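The values are calculated or read from the model by the stated rules, or taken from the named source; none is laboratory data. Quantities reported herein were computed from a predicted structural model and do not represent experimental measurements. Here the Cβ is made from the backbone with ideal geometry for all residues, glycine too, and neighbour counts use every protein chain on show.
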Amino acid sequence: MLRSEEQSARARIGILGGTFDPVHVGHLVAAVNVRHELALDRVLLVVANEPWQKVGSRPVSDARDRLALVEAAVRSCPGVEASAIEIERGGLSYTADTVVELERRHHGADLYLIVGADVASSLDSWERVDELRGRVRLVVVNRPGAAMFEPGMLQGWDFSTVEIPDLEISSTDLRDRAATGRPLDFLVPLEAIRLLRERSLYVVDE
Ligand code: ATP
Ligand code: MG
């Protein structure tokens, strides 16, 4: 096989991990733009089972509910998929484990780990980060409010940046909006809003 044919035969998969508590259009805009810029076959929104950075600091919604919201949100978004891989594995969710499992499931695929600029600056604290560096290419997207992104922070990573529209949207703000009865419209995809209303998620008991 010619080298170019070998290359075109390799699947190109993006991994956007998160708590998605709840999913919002910032996540989707990042996923579709990175997919487009880097010609990825698909981008997986990998829903953390127990996000190790967040457990203990605040209550995290049930993983099945967060996954269902992501599934609803990607329904009208070709090339972007919800992944239950970390929920199926159970326990604390470490990206290093997820990447090993994705390599097993998609043998020979090129994996692109997508993170917002806020996350890019804390990668050094991640579990088994040295192992991750060798297994994925990193893609950093801009995020308003994130500390100035210094490429020097990412020494040892094979990384690129993708510029996306600045969207000052966070799950933290959305949880606050829901709790205080303010609208989530156009910040969260409609299908996900319908589901969270159906399940009465993020509302505070009166
Ligand atoms: P929280 O406020 O609860 O931390 P969040 O909005 O940051 O929620 P996460 O699930 O923590 O959402 O983020 C998952 C990934 O998506 C991270 O890499 C994060 O940087 C990225 N991301 C989240 N929101 C945006 C946004 N508005 N623009 C760009 N990237 C984003
Ligand atoms: Mg976050």
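Annotations
- Selection of region 180-206 for residues being in contact with a His (Cβ under 9 Å, 6 or more places away or on another chain) and closer than 17 Å to Cys77 by Cβ yields Leu187, Val188, Pro189, Ala192.
- Within region 32-43, the only residue that satisfies the criterion of being buried (at least 23 other Cβ atoms within 10 Å of the Cβ) and farther than 16 Å from Phe159 by Cα is Val43.
- With respect to the conditions (1) modelled with pLDDT under 95; (2) more than 29 Å from Ala178 (Cβ to Cβ), Ile13 falls short on a single one, namely (1).
- Pairs are defined by a Cβ separation below 9 Å, a sequence spacing of at least 6 or placement on different chains, a first member in region 151-174 that is under 19 Å from Leu40 (Cβ atoms) and within 7 Å of ligand 1 (Cβ to nearest atom), and a second member that is of a type outside the set (Phe, Trp, Tyr) and part of a loop (DSSP other than H, G, I, E, B); the pairs so defined are Ile164/Asn142; Ile164/Arg143.
- The listed residue being within 15 Å of ligand 2 (Cβ to nearest atom), outside any loop (DSSP other than H, G, I, E, B) and surrounded by 17 or more Cβ atoms within 10 Å (Cβ to Cβ), out of Leu174, Leu167: Leu174
- The set of residues from region 7-58 being farther than 29 Å from Arg197 by Cα, in a strand (DSSP E or B) and either within 14 Å of ligand 1 (Cβ to nearest atom) or more than 13 Å from the chain's Cα centre (by Cα) (or both) comprises Arg12, Gly14.
- Near pairs, Cβ below 7 angstrom, 6+ apart or cross-chain, from region 110-129 (over 14 Å from Gly156 (Cα atoms)) to any residue that is modelled with pLDDT under 95 and more than 9 Å from ligand 1 (Cβ to nearest atom): Asp110/Arg10; Ala117/Phe149
- Residue in region 59-82 that is surrounded by 14 or more Cβ atoms within 10 Å (Cβ to Cβ), within 24 Å of Gly134 (Cα to Cα) and touching a residue at least 12 places away in the same chain (Cβ under 8 Å) present: no
- Residues of region 44-58 satisfying the condition of being surrounded by 19 or more Cβ atoms within 10 Å (Cβ to Cβ) and among the small types (Gly, Ala, Ser): Ala48
- Exclusive hit being more than 16 Å from ligand 2 (Cβ to nearest atom), among the basic types (Lys, Arg) and within 18 Å of the chain's Cα centre (by Cα), set Arg135, Arg143: Arg135
- Tally of residues being over 21 Å from Val34 (Cβ atoms), under 16 Å from the mean Cα position of the chain (by Cα) and assigned to a helix (DSSP H, G or I) across region 85-112: 2
- Failed item in (1) free of Cβ contacts under 8 Å to residues at least 60 places away in the same chain; (2) loosely packed, with under 14 Cβ neighbours inside 10 Å; (3) assigned to a helix (DSSP H, G or I), with Val203 passing the rest: (3)
- Top-ranked residue in region 177-194 [being touching a Lys or Arg at 6+ places or on another chain (Cβ under 9 Å) and not in a helix (DSSP H, G or I); ranked as nearest to ligand 1 (Cβ to nearest atom)]: Leu187
- Region 7-27, residues that are away from ligand 2 (no atom under 15 Å from the Cβ) and closer than 22 Å to Glu86 by Cα: Ala11, Arg12, Ile13, Gly14, Ile15
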